[in-house]
Amino acid sequence: MTDRLIELAAAIVERARSAESPTRPILGITGAPGAGKSTLAAALAAGLHDRGIRTALLPMDGFHLADVELDRLGRRDRKGAIDTFDGWGYLSALERAAAATDHVVYVPGFERDLEQPIAGAVPIDPAADLVITEGNYLLADAAPWDRLTSVLTETWFIDIADALRRDRLVARHVEFGKSPDDAAAWVRDVDEPNARAILARKHAADRVVQGG
């Protein structure tokens, strides 16, 4: 399956080259929390590199609002919901990554040990042939997220069994400091409401990819 997806991603680059597009193609990978978005993005980048296609990764997680701002807004107890991200900043970064092929575009990363965004941590090389971005809300229909489809060349949705996805999420939360009980409660009360909203937009994807 991964080889086939690498071929499909390579085809995006070839179409852009054939059309002599003035902007760089961007592949968006989305799905519910725990679907395996970052894993697929990394696998695609590695596979494309082996084919001589230069790829840059632009994760949506870098656009988490910092905890100090979430505290100010009263949203820290549901961190990961759509309104706990800088959607406008993410849209702007994608637009810059698509247009800028003569200088590095720096975007924020996300440090999971700190659970905080880190400014200027991810460089988008001007020589990259393709940008791959991944995140939960690429198909959301509320502003500004509904503008992403005008920037993304294609959007792929990872579909995965809910039980496996939830198990992955609990394990991730435990790995980064939550107790098993707290991790399970967070998945139930925070991640799953987000997941239901994200899954409701699966039909808007250009391609549905079976995960797991």
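Read the figures in this text as sums done on the coordinates, not as results from a lab. Here the structure is a predicted model, which is why all the values come from computation and not from measurement. Glycine also receives a Cβ, built like all others from the backbone with ideal geometry; neighbour counts cover every protein chain displayed.
Of all the options 19, 42, 93, the one that moves most in a Gaussian network model of the chain with Cα springs shorter than 10 angstrom is 19.
Charged neighbours of residue 166, selected by a Cβ distance under 13 Å, balance to 0 (K, R count +1; D, E count -1). A cut-off under 13 angstrom between Cβ atoms defines the neighbours of residue 68, and their net charge, with Lys, Arg +1 and Asp, Glu -1, is 0. Between the helical axis of 2-18 and the longest alpha-carbon principal axis of the chain there is an angle of about 50 degrees.
Is the shape of region 130-175 best called rounded, prolate or oblate, per the rule: a/c under 1.5 gives rounded, else a/b larger than b/c gives prolate, else oblate, with a ≥ b ≥ c the square roots of the Cα gyration tensor eigenvalues? Judged from the Cα gyration tensor, region 130-175 comes out prolate (a/c at least 1.5, a/b above b/c). Residue exposure proxy: 104, 190, 151, ordered by other Cβ atoms within 10 angstrom of their Cβ from fewest to most, comes out as 104, 190, 151.
Bridgeable lysines around residue 178 (alpha carbons under 27 Å apart, same-chain partners fewer than 8 residues away excluded): 37, 79.
For the chain, which span is the longest to avoid every loop-located (per DSSP) member of GluC sites (Glu not before Pro) having at most 14 other Cβ atoms inside 10 Å? By the stated rule (loop sites, at most 14 other Cβ atoms within 10 Å), 116-212. Net charge near residue 57: determine it from the other residues with C-beta under 14 Å of the C-beta of residue 57, scoring Lys and Arg +1 and Asp and Glu -1. Every neighbour counted, the sum reads -1.
Would you work out if region 2-210 is rounded, prolate or oblate? Take a ≥ b ≥ c from the square roots of the eigenvalues of the alpha-carbon gyration tensor; rounded if a/c is under 1.5, else prolate when a/b is larger than b/c, oblate otherwise. Prolate, since a/c reaches 1.5 and a/b exceeds b/c. Axis angle, to the nearest 10 degrees, between helix 87-99 and the longest C-alpha principal axis of the chain: 20 degrees.
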